[in-house]
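Colleague: Handing you this structure, nothing more for now.
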Amino acid sequence: MNLTNYEKTPIFRVFEAVRLEAARYGLNVLESEIVGLVPPAAMVDTAEHFLQIANFRPDQVLETRLRQPG
């Protein structure tokens, strides 16, 4: 599946839709795979949804910190 607008259709929403559809057929989704580049904000949204970390901020992501000046 190609996702072209993660703000309109977040990765976590797609994953959940596929998981629910698979469950209708008695199947479990064991893992997923990302092929290609992903905007950091899309991954932050997904982490916030699935991990449900209290008081999570995007600046806690190492890559975000590394891009900040000095």
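Taken together, the values in this text are just the output of simple stated rules run on the coordinates, not laboratory data. Since the model is a prediction, treat every value here as computed from it, not as a measurement. Every residue, glycine as well, gets a Cβ built from its backbone with ideal geometry; the counts of neighbours run over all protein chains shown.
Colleague: Chymotrypsin sites (Phe, Trp or Tyr not before Pro) within the chain: which are DSSP loop residues with at most 16 other Cβ atoms inside 10 Å?
Modeller: TYR25, PHE56
Colleague: Here's something else I'd like to know. In debye to the nearest 20, how big a dipole does the chain give about its Cα centre with +1 on each Lys and Arg Cβ and -1 on each Asp and Glu Cβ?
Modeller: Magnitude of the dipole: close to 100 debye.
Colleague: Something else now. With θ set to phi - 60° and the Karplus curve 6.51 cos²θ - 1.76 cosθ + 1.60, what are the ³J(HN,Hα) couplings of region 45-55 in order, to the nearest whole Hz, using x for Gly and Pro?
Modeller: 4, 5, 4, 4, 5, 7, 7, 6, 6, 5, 6
Colleague: Return a whole-number percent for the relative contact order of the chain, with Cα pairs under 8 Å and 6 or more residues apart as the contact set.
Modeller: Taking the mean separation of contacting Cα pairs over the length of the chain, I get 32 percent.
Colleague: Which of the GluC sites (Glu not before Pro) found in region 1-53 are loop residues per DSSP with 15 or fewer other Cβ atoms within 10 Å of their Cβ?
Modeller: GLU7, GLU31, GLU33
Colleague: Hey, could you pull the Cα Rg and Dmax for the chain, both in Å?
Modeller: 14.5, 52
Colleague: Can you compute 3J(HN,Hα) from phi for each residue in region 17-29, using the Karplus curve 6.51 cos²θ - 1.76 cosθ + 1.60 with θ = phi - 60°, rounded to whole Hz and x for Gly and Pro?
Modeller: Listing the rounded values in order: 5, 5, 4, 5, 5, 4, 4, 4, 9, x, 10, 10, 7 Hz.
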